[in-house]
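Let me begin by presenting the structure, written as structure tokens, before commenting on it.
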Amino acid sequence: MVLQFARENDWGQTKIEGELKKLGYTISDNTVGNVLKRHGIPPQPERYPSPSWIHLMTHYKEQLIACDFFTVDTLFLKTIYVLFFIEVGSRRVHYAGCTTNPNGNWTIQQARQLVWQLNDEDRDFRFIIHDRDSNITKAFDTVFQSECIKAIKTPVSA
């Protein structure tokens, strides 16, 4: 069962131990690790490694789109937030919109509109890169995941 759980899911040793405990089996996470090691299955973080940034940028740049905000301070002391998307390979910029009060719902709608535009143009992207801005929510990522575009968050303080 340990091997089956490891192969069918992306669970680590502790998760497999917990699931087995629910089924009435008592086994330590160290034992789970030993069983996996004996059968050549690496620990969970190494099982499905994410591509390095250099690998991602060199091999997948034509399939990457990135997004971010920039701000414009007006003469009337207002800050306008501008959301944009950029195709990494061609460096084509997609202006998504601007607002004085960005929030999660607004960014989700901008993501939907971009996805519709990309579908109309028959563009095929596999990854979207964005930072950890609070306005870019899990629902924002879900819009892209529905089109088989994987969201990749930049590291903290990058």
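Under 5 Å from the amide H of Asp68 lie the amide H atoms of Phe84, each residue being 5 or more positions distant or on a separate chain, with H modelled from the backbone and absent for Pro and chain starts. About its Cα centre, the dipole of the chain is roughly 420 debye, where the only charges are +1 on Lys and Arg Cβ and -1 on Asp and Glu Cβ.
Here Lys21 and Cys148 are evaluated by their C-beta separation; at R0 = 30 Å the FRET efficiency comes out at 0.30. With both labels modelled 7 Å from their Cα along Cα-to-Cβ, the Asn119 to Arg38 distance reads 5.0 nm.
With the biggest extent put first, the Cα atoms of region 48-113 measure 47, 23, 20 Å across the principal axes. Taking the helices alone, the chain has a mean residue ellipticity at 222 nm of -11500 deg cm²/dmol, built from -39,500 (n - 2.57) per DSSP H run of at least 4 residues and averaged over all its residues.
The reciprocal of the average 1/r between distinct C-alpha atoms defines the Kirkwood hydrodynamic radius, which for the chain equals 18.6 Å. Extension gain for Val82-Glu8 works out to 22.4 nm (0.36 nm per residue, less the C-alpha to C-alpha distance).
From the alpha carbon centroid of region 96-158 to that of region 19-95 is 14 Å.
Here the peptides 89-96, 60-67, 2-9 are ranked by packing, the mean other Cβ count within 10 Å, and the order with the highest first is 60-67, 2-9, 89-96. Distance between the 7 Å Cα→Cβ label points at Ser52 and Thr99: 3.9 nm.
Just so you know, all these numbers are worked out from the coordinates, no wet-lab data involved. What you see is a predicted model; the values in this text were computed from it and never measured. Using ideal geometry, Cβ is built from the backbone for each residue, glycine included, and neighbour counts are taken over all protein chains shown.
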